[in-house]
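Inspection log for the structure reproduced underneath, given as structure tokens.
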Amino acid sequence: MNGQGIQALDERYIAHTYARAPFVIERGEGLMVYDSEGKGYLDFVSGIAVNALGYGDPDVLQAIQDQASRLIHISNLYCTAPQALLGEKLVGASGFADKVYLCNSGAEAVEAAIKFSRKFAVQAGQPQRTEFLAFDNGFHGRTMGALALTPRAHYQDPFRPLMPGAKFAPFNNLEAAEALLDVNTCACIVEPVQGEGGVNLADGRFLQGLRQICTERGILLVFDEIQCGLGRTGALWAHQPYGVVPDIMTLAKPLGGGLPIGAALLNADVAAVVQPGDHGSTFAANPVICAVAQVVLEKISQPAFLAAVESNGEYLGARLQELKQKFADIVEIRGRGLIWGIECSDDVAPIVSAAYTAGLLTCKAGTNVLRLLPPLVVDRPAIDKAVGIIGECMSRVRG
Ligand SMILES: *Cc1c(COP(=O)(O)O)cnc(C)c1O
């Protein structure tokens, strides 16, 4: 079937929750994906920060093959070696956690963080702590709990009433947050680098201040590193350069090498309140995904791998600053490592479309920010090519 036939079937049979690009992706290789007509695209989206190792990483493929032929799924009534070993590796790499709860997605990791925070408050004899503080332009997912902490009218309004008790402060405004963190607050959730909300970096004073206030007031601090974690910023964890640790950290996107997995890492105090029956999932963390996730974590945590992300990220940032000199339309370039946003004075949808035509995948973060999330294995020639295409598209679209 050709691309148009597939698009017609998709339009007819798949619920319309996504605005689709005007082509059908068939396969990927390295930094490239190819559509049904054989056209290649340099991928600067990576399945939205999922395909950190690009397409067809041989170690990922080997892990899938080996484990799939042994055991694909078994209930969480039973323990398996891949899951136990992944737990050991995640906890060891985290620098703060004592245990991990494994699930299937980012939103599920956030739901787990919400539930375990609530249980923690109850066990601490403070059942009145039911409220959560999150931040403007944050994104934590689309299930009912996570959605309640994702303050975008377009996402929330059709689905009210949401989980009660969500409060919001402006990102990077410590004083506003401090005023809302009180005896009724259960947890504060924040992305050290906001992804969907426009690639916004937390200030040091903000993150460090949140840590201090939460500790003083008996409130849990949750870092949502689903997008910015696991090497994306050039450090294994986005919060590392800030010198503070959370009580709970959520992970997902790149962890499974493209297979679905989420994780909520818990410090010892939180882990201590979690008991059988508190939470669970049929599919969560099957042996195949856990085998792959070990490979992904192992590869990404290599110092040489992270150093390459950092230096290629600096290079990408410098090339984007050059672009800013050329186009009055660009308001600001923001980013770190291999997550970058180009904030423009207008909707960037026409640039995303023009880039499709030119053979480059990019995506939006909000309306006016063009977001770049290349595979973490990207190289300088690919960066040059992508920046060149973005520049051409900007000239064409903005004149
Ligand atoms: C993508 C994302 C989520 C939600 O993850 P899903 O796997 O889509 O449910 C949550 N938080 C952040 C920061 C994200 O980027």
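The values are calculated or read from the model by the stated rules, or taken from the named source; none is laboratory data. Just so it is clear, the model here is predicted, and its values are computed rather than measured. FYI the Cβ positions are ideal-geometry reconstructions off the backbone, even for glycines, and counts take in every protein chain you see. All accessible areas refer to the heavy atoms of the entire protein, side chains included, with ligands and DNA or RNA removed. Shrake-Rupley method; radii C 1.70, N 1.55, O 1.52, S 1.80 Å.
Here are the numbers:
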{"quantity": "Qualifying residue in the stretch 172-194 (condition: in contact (Cβ under 8 Å) with a residue 40 or more places away in the chain, within 15 Å of the ligand (Cβ to nearest atom) and charged (D, E, K, R))", "calculated": "yes"}
{"quantity": "Members of the stretch 5-27 that are among the β-branched types (Val, Ile, Thr) and either closer than 26 Å to Pro158 by Cβ or open to solvent by 60 Å² or more (accessible area, probe 1.4 Å) (or both)", "calculated": "Ile14, Thr17, Ile25"}
{"quantity": "Pair list, Cβ under 7 Å, 6 or more apart: the stretch 31-53 residue modelled with pLDDT of 95 or more, other residue of a type in the set (S, T, N, Q) and within 13 Å of the ligand (Cβ to nearest atom)", "calculated": "Ala49/Gln227; Ala52/Ser46"}
{"quantity": "Of the criteria (1) aliphatic (A, V, I, L, M); (2) farther than 21 Å from Val199 by Cβ; (3) in a strand (DSSP E or B), which one Leu42 fails", "calculated": "(2)"}
{"quantity": "Output for the stretch 218-274, where each listed residue is more than 13 Å from the ligand (Cβ to nearest atom) and either among the basic types (Lys, Arg) or touching a Ser or Thr at 6+ places or on another chain (Cβ under 6 Å) (or both)", "calculated": "Ile219, Leu220, Leu236, Leu265"}
{"quantity": "Residue that is farthest from Gly47 (Cα to Cα) [pool: residues in the stretch 192-240 that are open to solvent by less than 10 Å² (accessible area, probe 1.4 Å) and among the charged types (D, E, K, R)]", "calculated": "Asp224"}
{"quantity": "Of the criteria (1) more than 13 Å from the ligand (Cβ to nearest atom); (2) assigned to a loop (DSSP other than H, G, I, E, B), which one Ala121 fails", "calculated": "(2)"}
{"quantity": "Residue list for the stretch 70-117, filter: of a type in the set (Val, Ile, Thr) and not in a helix (DSSP H, G or I)", "calculated": "Ile72, Ile74, Thr80, Val100"}
{"quantity": "Which numbered condition Asp269 misses (of (1) open to solvent by less than 50 Å² (accessible area, probe 1.4 Å); (2) under 28 Å from Ser301 (Cβ atoms))", "calculated": "(1)"}
{"quantity": "Some residue of the stretch 245-265 being aliphatic (A, V, I, L, M), over 13 Å from the mean Cα position of the chain (by Cα), in a loop (DSSP other than H, G, I, E, B) and crowded, with 19+ Cβ neighbours inside 10 Å", "calculated": "no"}
{"quantity": "Meets criteria (of a type in the set (Gly, Ala, Ser), assigned by TED's automatic domain parsing to the domain that holds Ala179 and within 20 Å of Arg211 (Cα to Cα)) for Ser94", "calculated": "yes"}
{"quantity": "Options Ala148, Ala169; residue that is open to solvent by less than 40 Å² (accessible area, probe 1.4 Å), within 15 Å of the ligand (Cβ to nearest atom) and in the same structural domain as Ile114 (by TED's automatic domain parsing)", "calculated": "Ala148"}
{"quantity": "Some residue of the stretch 300-317 being aromatic (Phe, Trp, Tyr), surrounded by fewer than 21 Cβ atoms within 10 Å (Cβ to Cβ), not assigned by TED's automatic domain parsing to the domain that holds Gly92 and not in a helix (DSSP H, G or I)", "calculated": "no"}
{"quantity": "Single condition Met163 does not satisfy, out of (1) in a loop (DSSP other than H, G, I, E, B); (2) within 13 Å of the ligand (Cβ to nearest atom); (3) touching a residue at least 24 places away in the same chain (Cβ under 8 Å)", "calculated": "(2)"}
{"quantity": "Tally of residues being closer than 24 Å to Cys228 by Cα, open to solvent by 10 Å² or more (accessible area, probe 1.4 Å) and hydroxyl-bearing (Ser, Thr, Tyr) across the stretch 358-399", "calculated": "1"}
